[in-house]
Amino acid sequence: MSDQPETSTPSTPSIAQRLKSREPWLLIGEGNCTEADPLTILDTDNHVALEHFIAQLLMEEEGLEFRFFEQSFIPYDERFIDKLTFDVKPEGASEWQEQRHFHFDITDGFNALHARLNRDASA
């Protein structure tokens, strides 16, 4: 038996965990902004603005300049995913060098909007 303490590699916090520790007011669930693990947006009124805010925070964290390129809506089974794409470059670079994609699960906001539209249509 060894007298050495057990060591384990600490797991890397998810994007959601990092954002919540930095900005605890954010209405988000879990996720990493990837296609396989979209970040869940819990805000049902301003989810698009929140998505852009989060993408901006993450790119600024990396020291990137960015410009919005496009937004795509992807229905996936019973979920609704928003994909934001930005052109990016290191600060001070003269040319855009790549694109960054951020995936958000906006099911709560999409369902709330759909319910409001149905309620307004039947009024």
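List every residue whose amide H lies under 5 Å from the amide H of Ile81, counting only residues 5 or more places away in sequence or on a different chain, with H placed 1.01 Å from N in the peptide plane.
Those qualifying (amide H under 5 Å, at least 5 residues apart or on another chain) are Ile74, Tyr76, Ile106.
Pairs of alpha-carbon atoms within less than 8 angstrom and 6+ residues apart define the contacts here; what relative contact order does the chain have, in percent?
22
From the backbone phi of the range 13-30, what are the Karplus-calculated ³J(HN,Hα) couplings (6.51 cos²θ - 1.76 cosθ + 1.60, θ = phi - 60°) in whole Hz, Gly and Pro given as x?
Karplus values, whole Hz, x for Gly and Pro: x, 5, 4, 4, 5, 4, 5, 5, 6, 8, 10, x, 7, 4, 8, 9, x, 9.
Just grab the label-to-label distance for Glu95 and Trp25, each label 7 Å out from Cα along the Cβ direction, in nm (one decimal).
With each label placed 7 Å out from Cα toward Cβ, I get 4.1 nm.
Counting other Cβ atoms within 10 Å of each Cβ, which chymotrypsin sites (Phe, Trp or Tyr not before Pro) in the range 57-123 have at most 14 and sit in a DSSP loop? Provide the component values of the computation, followed by the final result.
Details: sites: Phe66, Phe68, Phe69, Phe73, Tyr76, Phe80, Phe86, Trp96, Phe102, Phe104, Phe110; in loops: Trp96.
Filter output for the range 57-123: Trp96.
Might you work out the accessible area of His101 for me, using a 1.4 Å probe with all protein chains in place, and round it to the nearest 10 Å²?
So the heavy atoms of His101 present about 80 Å² to solvent.
Need the C-alpha centroid separation for the range 103-123 versus the range 11-67, integer Å.
21
Check Glu65: other-chain or 5+ apart residues with amide H under 5 Å from its amide H, H built from backbone geometry?
Lys89, Glu91
How much of the accessible area of the chain, probe 1.4 Å, is carbon plus sulfur, in whole percent?
50
Heavy-atom accessible area per residue, the chain, 1.4 Å probe: how many Å²?
Using a 1.4 Å probe on heavy atoms only, each residue of the chain averages 66 Å².
Divide, for the chain, the radius of gyration over alpha carbons by 2.2 N^0.38 Å, where N is the residue count.
1.34
Give the long-range amide H neighbours of Ile28: residues separated by 5 or more places, or on another chain, with amide H under 5 Å away, using H modelled in the peptide plane at 1.01 Å from N.
Under 5 Å from the amide H of Ile28: Leu42.
Rank these residues by their accessible area, most exposed first, probe 1.4 Å: Asp120, Asp43.
Asp120, Asp43
The values are calculated or read from the model by the stated rules, or taken from the named source; none is laboratory data. Because the structure is a prediction, the values reported are computed rather than measured. When we count neighbours, we look across all protein chains shown, and the Cβ atoms used for this are built from the backbone with ideal geometry, even at glycine. Surface accessibility is based on the protein's heavy atoms, side chains included, excluding ligands, DNA and RNA. Shrake-Rupley method; radii C 1.70, N 1.55, O 1.52, S 1.80 Å.
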